[in-house]
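Every number in this text was worked out from the coordinates using simple rules, so none of it is lab data. Since the model is a prediction, treat every value here as computed from it, not as a measurement. Positions of Cβ are backbone-derived with ideal geometry, glycine not excepted, and every protein chain shown enters the neighbour counts.
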Amino acid sequence: MVQRLEGRVAVVTGGASGIGLATVRRFASEGAKVVVADLDPASGKAAADEAGGLFVQVDVTDEEQVKALFQTTVDTYGKLDIAFNNAGISPPDDDSILTTGIEAWERVQKVNLTSVYLCCKYAIPHMQAGGKGSIINTASFVATMGAATSQISYTASKGGVLAMSRELGVQFAREGIRVNALSPGPVNTPLLRELFAKDPERAARRLVHVPLGRFAEPEEIAAAVAFLASDDSSFMTASNFLVDGGIAGAYVTPL
Ligand SMILES: NC(=O)c1ccc[n+]([C@@H]2O[C@H](COP(=O)([O-])OP(=O)(O)OC[C@H]3O[C@@H](n4cnc5c(N)ncnc54)[C@H](O)[C@@H]3O)[C@@H](O)[C@H]2O)c1
């Protein structure tokens, strides 16, 4: 494995599962010191141990806990180079606007959008102190494309992540801090597999829109995050990095 992240210090929120876990592994294999930040203490600690890093139990919606997460990182490893703000939820009660209640709406906004605001707010001063940094915020392809199978708060939250990342990328560009949004297409996670195994028609309805004809593996998304975290992407900031199997570019897909 190339060692693009040798000596770098990275925080990964939602690092206990899925895209976050694959990224923790990828960052460590490229030489980074990784702080795994997650609600889930068992899987979070296991991920950190595997990566030779540190686990910090944190609820990313809690301002004091997020502030402490980045302070603990700097206290432990001396600096902060990379923040992958990735924790997110997509609960079943977030659905059509006609049936989604205000409680579900607000819960999703808090976990998916307010958390990214908090993580950027408390990561950036440490990066300013070091004179550089790379922030990657997980949005989604639904930030730029509409779905008739709505998850209204999720979609709106990811649109917010995209716009906020762009603005921060512009604001802090001359301080050596890059901020990019990562927009994955559908990823082959346990949740998605279970959902689609139960309902093949539901899977087919989505797969028909993917030119590559399959969902992404978490490792394929992690490879893109490592690129955005590393100096290989040194001229990229304020961008929307789509890793979507071609979905956003497609009209008619191959049979
Ligand atoms: N899986 C997909 O198809 C897909 C597609 C596009 C975007 N995304 C986005 O990618 C990100 C990761 O998704 P995933 O599929 O890997 O999810 P996942 O459910 O496998 O992992 C999410 C992790 O976040 C943690 N988490 C949830 N709420 C938290 C909180 N309040 N504080 C701290 N940690 C919290 C969970 O404990 C879990 O470990 C999310 O932002 C999601 O919206 C996923």
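For the reader, a short list of remarks on this structure follows.
- A simple charge model with +1 on the Cβ of Lys and Arg, -1 on the Cβ of Asp and Glu and nothing else charged puts the dipole of the chain at about 520 debye relative to its Cα centre.
- Radius 13 Å from Cβ of ASP244, net charge of other residues (Lys, Arg +1; Asp, Glu -1): +2
- To the nearest ten degrees, helix 63-77 and the longest principal axis of the Cα atoms of the chain are 50 degrees apart.
- Nearest 10 degrees, 0 to 90: helix 18-29 Cα axis against the chain principal axis: 40
- The stretch 187-222 and the stretch 1-42: distance between their alpha carbon centers, rounded to Å: 24
- Contact order, relative form, for the stretch 1-86: 33 percent (alpha carbon pairs under 8 Å, 6 or more residues apart, mean separation divided by residue count).
- Extension gain (nm, one decimal) between GLN3 and ALA46, 0.36 nm per residue minus Cα-Cα: 13.2 nm
- In the chain, Cα pairs under 8 Å separated by at least six residues give a relative contact order of 18 percent.
- Exposure proxy ranking, count of Cβ atoms within 10 Å, fewest first, for VAL56, VAL252: VAL252, VAL56
- Note on the chain: dipole from Cβ charges, positive end direction compared against ALA250, TYR117, THR61; the farthest Cα belongs to ALA250.
- Spatial separation of Cα centroids for the stretch 45-89 and the stretch 170-184, in angstrom: 19
- Counting only alpha carbon atoms, the long axis of helix 41-51 and the longest principal axis of the chain meet at about 60°.
- Debye intensity ratio in log₁₀ form over the Cα atoms of the stretch 140-255, taken at each q of 0.12, 0.20, 0.24 Å⁻¹: -0.49, -1.17, -1.42
- Classified by the C-alpha gyration tensor, the chain has a prolate form. Its axis ratio a/c, with a ≥ b ≥ c, is 1.5 or above, and a/b is larger than b/c.
- Report summary: the helix-based calculation at 222 nm, which adds -39500 (n - 2.57) for every DSSP H run with n ≥ 4 and divides by the residues of the chain, gives -13500 deg cm²/dmol.
- Neighbours of ALA156, meaning other residues whose beta-carbon lies under 12 angstrom from its beta-carbon, give a summed charge of -1 when Lys and Arg score +1 and Asp and Glu score -1.
- When the alpha-carbon atoms of the stretch 114-185 are used, the pair Rg, Dmax equals 13.3, 45 angstrom.
- In order through the stretch 2-8: 3J(HN,Hα) via Karplus (6.51 cos²θ - 1.76 cosθ + 1.60), integer Hz, x for Gly, Pro: 4, 10, 6, 10, 3, x, 8
- Net charge in the neighbourhood of ILE124 (other residues with Cβ under 13 Å of its Cβ; Lys, Arg +1, Asp, Glu -1) is +1.
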